[in-house]
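See structure below.
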Amino acid sequence: MKLSRRNALLAGATGLAAAPLLAASAAAQANPARTMRDGESAPPGVAGRDYRPVITPDGAALPYRIQGGVKIFHLVAEEVEHEFAPGLVGRCWGYNGRVHGPTIEAVEGDRLRIYVTNRLPAPTTVHWHGLVVPSGMDGVGGISQPSIRPGETFVYEWTLRQHGTFMYHSHHDEMTQMALGLMGLFIAHPRRPQGPRADRDYAYLLSEWQMHPGASRPDPNAMEFNLLTFNARAYPGTSPMLARTGERVRIRLANLSAMDHHPIHIHGHVMTVTETDGGPIPQSARWPETTVLVPTGSSRTVEFIADNPGDWAFHCHMTHHVMNQMGHGIPNMTGVNARRIDRAVGAILPHYMTMGHDGMGDMGPHVESGHMPVPGNSLPMVGAQGPHGYVTMGGMVTLLKVRNRLPADGSHPGWYDDPPGTRARIARAEELTRDGVDPAAPPRP
Amino acid sequence: MRARFSSVLTTVFAAALLAGCVSVDGAAERARVLDAAGERSDSFPAADAGALLARPLSEDEAAAVALARNAALRAELAEAGLARAAWAQASLPPNPVLEFTSMPPSGGQASWELEARAPLAALLLWPHRQALARGAYDAAQYRAVAAAVDHAAAARRAFTAAVAAAQRAEMFAQVEQAAAAAVLTVEELRAAGNVPALDVERERALHHRAVLARMQADLDARQAHIALARALGAVEDDPRPAASRLPDPEMEAPERDAFVEAAIRASLPLASARAEAERALRAAGAEGVEALLDHAEAGAVFDRHHGATERGWLVEFRPPLFDFAARSAAARIRAEAAADRHAAMAAGVRAAALSAHAGFAAAAARARYVRDELLPASERLLNETMLQYNAMQLGVFDLIAAFEARVAAGTEYVDALEAYHHARITLMTLAQGGTPPDASGAGNGAAMAARGAAGGH
């Protein structure tokens with residue numbers, strides 16, 4: 001059925017269903033993230049036929065059913081026990097038993113009806129971040145609607161008139177509720193996809209938390225954060241992205257961190273920034289990057305051809321964002337004579353050991369070996385054991401694994417086996433001599 | 001007449017012989033007092049105090065040495081010997097007065113006159129004065145036993161204080177060591193270029209304070225040690241406590257009301273005050289007779305004149321026409337005052353027993369709380385700080401601060417234990433009949449009883 005503006009006007013007086021269409025239609029006129037004409041309608045989009053679902057690493061998609069041509073979703077806001085990484089569990093607030101909430105996927109032109117049940121001890125709302133909706137569906141507590149009180153179920157309904165990478169999150173007591181995890185991804189697929197289809201479409205929600213080591217609930221009052229996550233998981237708890245050599249990979253990055261932007265850097269590849277949450281970037285305006293800055297409250301979509309086999313780090317390039325639960329109020333011990341301090345302090349505290357005098361790199365192995373006990377439920381600067389030693393990163397880090405072949409069941413292909421002669425190693429003496437390199441020579445300007 | 005005169009003299013001498021049965025021996029009297037004190041307090045003088053002092057002492061041994069060696073205690077115990085001497089003296093008949101007068105010869109005949117007389121009041125009230133002296137002796141003996149019990153308790157307190165002060169000095173030394181470690185650390189940080197000079201000076205200032213605190217603690221320990229030596233009468237012997245730690249608070253508080261009644265029954269100052277009150281009452285009862293006969297004397301006169309001898313009786317009497325009423329009133333007032341002192345002492349002992357019981361219960365509860373709650377908490381705090389240090393959430397100075405907090409909790413325990421043991425000793429001392437530590441409501445026990453004794457005859 002086609003719905004003209006005039007028809008919409010006529011229908012508007014009859015109820016909830018028509019009024020949002022009018023508003024959305026009017027607001028959508030200037031929106032570049034559209035592949036449908038004004039007034040055009042379409043049946044509910046179906047995965048496989050109308051779109052290829054995104055992969056939300058360590059996440060899930062929110063199921064729906066179709067009722068009378070309307071896609072019905074149901075979000076339940078509730079307290080959730082969430083594992084950020086093995087060894088660190090937080091009592092968070094999420095949706096449908098997950099932190100973050102499951103990814104909502106829909107197709108441009110879908111009529112959506114989303115129920116929200118509040119099982120939290122506090123009122124809440126859901127704001128559809130970046131989505132053009134009728135004002136009364138915008139989910140801002142006190143402005144768009146009364147907040148949803150504990151035990152109540154609200155319904156949001158509108159027609160999706162755009163495509164892109166968006167988010168949803170609480171817009172009631174935002175500082176607290178978002179710090180506790182009330183957010184999720186909202187992927188709107190285009191009704192008529194443009195350009196080459198991605199072989200793998202990954203979606204990430206970036207966020208940050210303050211989890212005091214040994215505590216079990218994120219601290220919403222904090223303005224400094226010690227746990228930086230991809231889809232609410234911190235390395236080494238993040239699952240890797242997989243790609244076969246030559247595949248087109250799309251990565252959607254949405255940032256709802258409280259106080260930080262994130263420059264996300266890829267190793268071994270060059271990405272093209274193709275979309276923002278405002279819509280697709282025209283071909284002529286797209287630009288290549290190895291690091292894409294994702295401001296808070298925004299999304300960026302990048303694409304690249306996975307043409308370089310290997311295990312590639314994919315991480316935020318703010319160095320404090322790749323440390324798990326790093327403390328920042330401690331003295332700078334770099335370069336001190338640890339032996340003297342060990343003797344003096346060890347005389348009163350036999351288990352004392354000076355740390356940080358040669359950096360933080362040994363911290364993770366010390367902790368994992370068990371001889372330096374740390375508070376329960378914590379990941380103090382823990383990374384992971386890699387194929388060639390300890391990975392001294394944590395937090396907003398994951399891996400892109402590019403292989404010529406991948407296991408058919410989608411499982412982890414293991415560590416990359418570098419072809420001979422393609423891995424850095426200790427220089428041999430004859431090489432040093434050959435090339436005139438003297439490691440003991442005084443530094444030259 | 002001759003026969004009657006002879007019988008009087010015979011009676012007087014017989015009584016004198018009987019009175020001689022009250023013996024006076026200072027050493028024996030001291031031994032009696034110390035035995036009585038030992039029965040009550042289970043603290044007897046050490047047979048060989050020198051041998052005990054040659055090795056580290058327990059609290060009981062310290063009390064035994066104090067009872068054996070302390071000259072101040074011996075001086076206090078001498079009061080009981082003096083009272084016994086006074087009792088012995090009062091048990092003898094009054095001395096007669098003999099007056100001989102010789103006149104110049106007249107007509108070749110010598111003339112002389114002999115008077116033999118005795119004070120009538122002393123003779124008639126002889127049993128009465130003997131009873132008064134016995135009462136004074138009883139009171140003095142109670143005071144002396146109380147002094148011995150108190151002295152043993154004082155030695156125990158000094159022992160406790162010395163151990164506690166030595167423990168505190170150790171702990172302040174640990175704090176100083178921690179502060180020195182902090183200074184070394186910050187100096188290393190400064191040498192590495194990691195901190196400004198301000199941080200160094202801050203740690204140095206803390207170290208200086210720690211040094212001063214340790215110096216004061218050392219002095220306190222030395223003073224407490226000297227006080228212990230003094231309490232033991234062993235200043236030259238450098239007594240050493242065997243334990244380096246005060247024992248844990250193990251003793252349970254007795255049932256309160258039973259303890260209070262037992263303390264009142266056992267109270268030596270109260271018994272002394274009671275004896276003094278009874279003595280004052282007895283003295284007041286005989287004051288009328290004393291006033292009448294105070295200066296009355298009776299005797300015999302032998303007169304030789306011109307070769308003839310004459311015998312006669314002599315009676316001298318000074319009637320208390322003007323001061324009889326005043327003397328009687330004064331005696332009555334003294335008796336009433338002594339009775340009031342006794343009543344006040346009874347109230348004071350009861351209050352002291354209640355206070356000691358409450359004090360002990362509170363001190364025991366506090367010491368156990370520190371032991372069972374604060375000490376483990378400070379230990380856990382240090383452990384958790386270590387975990388957070390390992391997690392690099394806290395720095396080395398936080399760790400040192402947590403160590404100092406644990407030491408502070410240890411000091412708190414020493415303070416609490418010292419208070420507990422002092423309260424325990426006070427409780428035991430009262431149960432043994434010793435002097436209440438603060439008998440201000442009733443006057444200080446022994447001193448007040450002594451005042452009462454001084455106010456009587």
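The values are calculated or read from the model by the stated rules, or taken from the named source; none is laboratory data. Fair warning: this is a prediction, and the values are worked out from it, not measured in the lab. Backbone-built Cβ (ideal geometry, glycine too); neighbour counts: all protein chains shown. Just the protein is used for accessible areas: all its heavy atoms, side chains included, with ligands, DNA and RNA removed. Shrake-Rupley method; radii C 1.70, N 1.55, O 1.52, S 1.80 Å.
Mean sequence separation of contacting Cα pairs (under 8 Å, at least six apart), scaled by the length of chain A, corresponds to a relative contact order of 14 percent. Averaged over peptide B:186-193, the number of partner chain Cβ atoms lying within 10 Å of each residue's Cβ comes to 5. Per-residue accessible area (protein heavy atoms, 1.4 Å probe) orders B:23, A:147, A:299 as B:23, A:147, A:299, starting from the largest. For residue A:351 and residue B:75, what is the calculated FRET efficiency with R₀ set at 51 Å and r taken between the beta-carbons, to the nearest 0.05? Calculated value: 0.35. For the range B:51-63, 3J(HN,Hα) computed residue by residue from phi via the Karplus equation (6.51, -1.76, 1.60; θ = phi - 60°) reads 5, 5, 5, 6, 10, x, 9, 8, 4, 4, 5, 4, 5 Hz, glycine and proline entered as x. For the options A:217, A:192, A:98, a Gaussian network treatment of chain A with springs between C-alpha atoms closer than 10 Å singles out A:192 as fluctuating the most. Only helices enter the 222 nm calculation for chain B: every DSSP H run of n ≥ 4 contributes -39,500 (n - 2.57), and dividing by all residues gives -24500 deg cm²/dmol, rounded to 500.
For the range B:364-405 versus the range A:331-370, the spacing of their alpha-carbon centroids is 20 Å. In the range A:354-387, burial by the other protein chains removes 50 Å² or more of accessible area from A:355, A:375, compared with the chain on its own (1.4 Å probe, ligands and nucleic acids ignored). Legend: mean number of C-beta atoms from other chains within 10 angstrom of residue C-beta atoms, peptide A:331-344, equals 6.
Contact order for chain B, expressed relative to its length and based on alpha carbon pairs under 8 Å spaced 6+ residues apart, stands at 21 percent.
Counting only heavy atoms of the protein chains and using a 1.4 Å probe, residue A:250 has close to 40 Å² of accessible surface. Accessible area buried by the pairing of A and B, both sides summed with a 1.4 Å probe, works out to roughly 2500 Å². One Cα centroid belongs to the range A:158-237, the other to the range B:152-196; the line between them spans 52 Å.
Along the Cα-to-Cβ line of residue A:245, 7 Å from the Cα, sits a label point; which residues in the range A:408-429 have backbone N less than 11 Å from it? Output list for this probe position: A:419. Each listed q (0.06, 0.08, 0.13 Å⁻¹) maps to a log10 I(q)/I(0) for chain A, found by the Debye formula over equal Cα scatterers with no solvent: -0.31, -0.53, -1.19. Annotation: the antiparallel percentage among DSSP beta bridges lying fully within the protein assembly as shown is about 75.
If I take all pairs of Cα atoms in chain B, what percentage of them are more than 40 Å from each other? Spell out each step's value before the answer.
Details: 48011 of 104196 pairs.
Cα-Cα pairs in chain B separated by more than 40 Å: 46 percent.
Cα centroids of the range B:302-319 and the range B:49-128: 34 Å apart.
Converting phi to 3J(HN,Hα) with the Karplus coefficients 6.51, -1.76 and 1.60 and the offset θ = phi - 60°, the range B:348-354 yields x, 5, 4, 5, 5, 5, 4 Hz in sequence order, with x at every glycine or proline. Using the 1.4 Å probe convention, the accessible area of the range A:65-320 works out to 34 Å² per residue with neighbouring protein chains retained. If you plug the beta carbon distance of residue B:415 and residue B:54 into 1/(1 + (r/R0)^6) with R0 = 45 Å, you get a FRET efficiency near 0.90. Each residue, residue B:235 and residue A:46, gets one label point 7 Å from its Cα in the Cβ direction; the gap between the two is 11.0 nm. Multiplying the residue separation of residue B:113 and residue B:218 by 0.36 nm and subtracting their alpha-carbon distance yields 29.7 nm. Share of carbon and sulfur in the accessible area of the range B:268-381 stands at 61%, probe radius 1.4 Å. Calculated on the alpha-carbon coordinates, the convex hull of the range A:65-320 measures out at 130 cubic angstrom per residue. Put simply, the amide H of residue A:157, placed in the peptide plane, has neighbours under 5 Å in A:114, leaving out anything fewer than 5 places away on its chain.
As a length-normalised measure over Cα pairs under 8 Å and 6 or more apart, the relative contact order of the range A:65-320 settles at 17 percent.
Applying 1/(1 + (r/R0)^6) with r as the Cβ-Cβ distance of residue B:379 and residue B:245 and R0 = 22 angstrom yields a FRET efficiency of 0.85. Per-residue accessible area for residue B:323 at 1.4 Å probe radius, Å² rounded to 10? Its heavy atoms expose roughly 70 Å² to the probe. For the protein assembly as shown, taking the reciprocal of the average inverse distance between every pair of different Cα atoms yields a Kirkwood hydrodynamic radius of 37.8 Å. Just the protein heavy atoms count here, and of the accessible area of chain A at 1.4 Å, carbon and sulfur take up 55 percent.
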